[in-house]
Amino acid sequence: MNKVCSPFLRRILNICQIFLGFDYYHCLCLIPFDIAQKLSFLCSAGFILTSMGAVLAVPGIDLGSWVAITVAMSTAVSATVEYFQVKTERDTRNANLGEFQNLMTWWESLSIIDKRTRKAKNKALQTIEGGELLLAERRAGAAFAADRKEGDGEEE
């Protein structure tokens, strides 16, 4: 994590927080790792629950009535991943992190004079804000697609 968020980067993100009132460091550097861990845990839990259901369904074991419970729990885990759009958020935040690393490489290649220009500062700020706007757009797009699927069978 220190490789991704250097002290220089933290200073830039703290300046953005002061002027814009938004904690970019938390969103760009810490959240993607948390989301990846949550997704990994939920996928592992779903796999374990599905496997337990398969083991309980073996004909020689008299625990067949527990299969429905494990299937329900596995379905609940899968529905949680879909409802909170964890995969979409992880993919978007990882893409944003890549864009931000490209921005930092570009920023470090600039001279001191170029870093002070309005054009360079605007590009940096638009890249940072663009990542959060892309995430909001994908969340809204996924919600809109879900509403559209529900309304396909209805006549107006």
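Here are some notes:
- Derived scalar couplings ³J(HN,Hα) [the stretch 42-48; Karplus, 6.51 cos²θ - 1.76 cosθ + 1.60; whole Hz; x for Gly, Pro]: 5, 5, 5, 4, x, 5, 5
- For the stretch 85-145: rounded, prolate or oblate by the Cα gyration tensor [a/c cutoff 1.5]: oblate
- Descending by average beta-carbon neighbour count within 10 Å, the peptides 126-132, 76-82 line up as 126-132, 76-82, the highest first.
- Label separation (E132 vs I69): 4.5 nm, computed from points 7 Å beyond Cα along the C-beta direction.
We did not get these values from a lab; they are worked out from the coordinates using the rules stated. As the structure is a computational prediction, the values presented were derived from the model and not from experiment. Virtual Cβ from ideal backbone geometry, glycine too; neighbours counted across all protein chains shown.
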